[in-house]
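Q: Shown below is the structure under consideration.
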Amino acid sequence: KYQACKKFKEDRVKSLRPWSEFFDRSKFTVPGKLEAFSRINKNLSHFYSNYVMVTMLISVYVLFSNFMFLAMMVCSLAAYYWTRMKQQANEPIVIRGKEFSSTQVNIFLIVFTIFAFLYTNGSSTVFWLVTLAMLTVFGHAATREPVEDASGSAFAAVGTQFL
């Protein structure tokens, strides 16, 4: 899994477009309704890696603006990881001298995670994360004049990645 994440990161970094091109203010205009969809279609494929980076930066900002939510979710993930490692090693799960079954621990973790999500206002955090990311990405893609690729197709670069 680590290698897959590393490869994804390397591919995204290689395909980043120059930020000067991404933020070129002379290329922003207000499109017509139908033109906006065409721009979004072309710009999403052309600036895909830039949009991934912008979304990651927005995610970091939103998550750190609700630090309690971030801390609780990290604790939940760490607990899931710990119990999974114990289960894979066929070791008993012992907490404070008492042995628990995998089912008991998993039910407790699910209930704890749901409670922590609700207690730390996770639905609001996720809402703002998704809303800010979508507004930023689609706002940029709709107002940025598309860049014509050398091949003439906006999907030429993206389509070859999956072949």
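The values are calculated or read from the model by the stated rules, or taken from the named source; none is laboratory data. Note that this is a predicted model, so its numbers are computed, not measured. Reconstructed Cβ throughout: ideal geometry from the backbone, glycine too, with neighbour counts over all protein chains shown. Surface areas here come from the heavy atoms of the whole protein model, side chains and all, with no ligands, DNA or RNA. Shrake-Rupley method; radii C 1.70, N 1.55, O 1.52, S 1.80 Å.
Okay, residues lined up against (1) in contact with a His (Cβ under 7 Å, 6 or more places away or on another chain); (2) surrounded by 12 or more Cβ atoms within 10 Å (Cβ to Cβ); (3) modelled with pLDDT under 95:
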residue	(1), (2), (3)
TYR61	no, yes, yes
PHE108	no, yes, yes
GLY122	no, yes, yes
LEU129	no, yes, yes
THR143	no, yes, yes
ALA154	yes, yes, yes
PHE162	no, no, yes
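Q: Separate question: Give me the residue from the stretch 1-19 that is of a type in the set (D, E, K, R) and assigned to a helix (DSSP H, G or I) and, out of that set, nearest to VAL137 (Cα to Cα).
A: Here is the first cut: in the stretch 1-19, the residues of a type in the set (D, E, K, R) are 1, 6-7, 9-12, 14, 17.
Cutting the leftovers down to assigned to a helix (DSSP H, G or I) gives us 6-7, 9-12, 14.
Numbers: LYS6: 24, LYS7: 24, LYS9: 19, GLU10: 21, ASP11: 20, ARG12: 16, LYS14: 20 Å.
Looking at the filtered set, the residue picked out is ARG12.
Q: With respect to the numbered conditions (1) within 30 Å of TYR48 (Cα to Cα); (2) of a type in the set (A, V, I, L, M, F, W, C); (3) not in a helix (DSSP H, G or I), which one is the sole condition not fulfilled by ALA142?
A: Failing condition for ALA142: (3).
Q: Shifting gears a bit: Can you say whether THR55 is of a type outside the set (A, V, I, L, M, F, W, C), out of contact with any Pro (no Cβ under 7 Å at 6 or more places or on another chain), in contact (Cβ under 8 Å) with a residue 60 or more places away in the chain and part of a helix (DSSP H, G or I), as far as the supplied structure shows?
A: Working: of a type outside the set (A, V, I, L, M, F, W, C): yes; out of contact with any Pro (no Cβ under 7 Å at 6 or more places or on another chain): yes; in contact (Cβ under 8 Å) with a residue 60 or more places away in the chain: yes; part of a helix (DSSP H, G or I): yes.
In short, yes.
Q: Given the options THR55, THR103, name the one that is among the polar types (S, T, N, Q), within 30 Å of GLU145 (Cβ to Cβ) and either out of contact with any Phe, Trp or Tyr (no Cβ under 6 Å at 6 or more places or on another chain) or open to solvent by 50 Å² or more (accessible area, probe 1.4 Å) (or both).
A: Working: THR103 fails: within 30 Å of GLU145 (Cβ to Cβ).
Result: THR55 is the single residue among THR55, THR103 that is among the polar types (S, T, N, Q), within 30 Å of GLU145 (Cβ to Cβ) and either out of contact with any Phe, Trp or Tyr (no Cβ under 6 Å at 6 or more places or on another chain) or open to solvent by 50 Å² or more (accessible area, probe 1.4 Å) (or both).
Q: Still on this structure: Take MET68 and tell me if it is touching a residue at least 24 places away in the same chain (Cβ under 8 Å), open to solvent by 80 Å² or more (accessible area, probe 1.4 Å) and either at negative phi or among the acidic types (Asp, Glu) (or both). Give the steps one after another, and end with the answer.
A: Details: touching a residue at least 24 places away in the same chain (Cβ under 8 Å): yes; open to solvent by 80 Å² or more (accessible area, probe 1.4 Å): yes; either at negative phi or among the acidic types (Asp, Glu) (or both): yes.
In short, yes.
Q: Does the stretch 20-52 hold any residues that are assigned to a helix (DSSP H, G or I) and loosely packed, with under 11 Cβ neighbours inside 10 Å, and which are they? Walk me through it before giving the result.
A: Of all residues in the stretch 20-52, those assigned to a helix (DSSP H, G or I) come to 20-22, 25-27, 33-46, 48-52.
Scanning the stretch 20-52 gives SER20, ARG25, SER26, LYS33, LEU34.
Q: Considering only the stretch 72-123, state which residues are assigned to a helix (DSSP H, G or I), over 28 Å from VAL62 (Cα atoms) and small (Gly, Ala, Ser).
A: Quick first cut of the stretch 72-123, residues assigned to a helix (DSSP H, G or I) only: 72-88, 102-119, 122-123.
Then keep just the ones that are over 28 Å from VAL62 (Cα atoms); that gives 83-88, 102-107.
Within the stretch 72-123, SER102 is the sole residue that qualifies.
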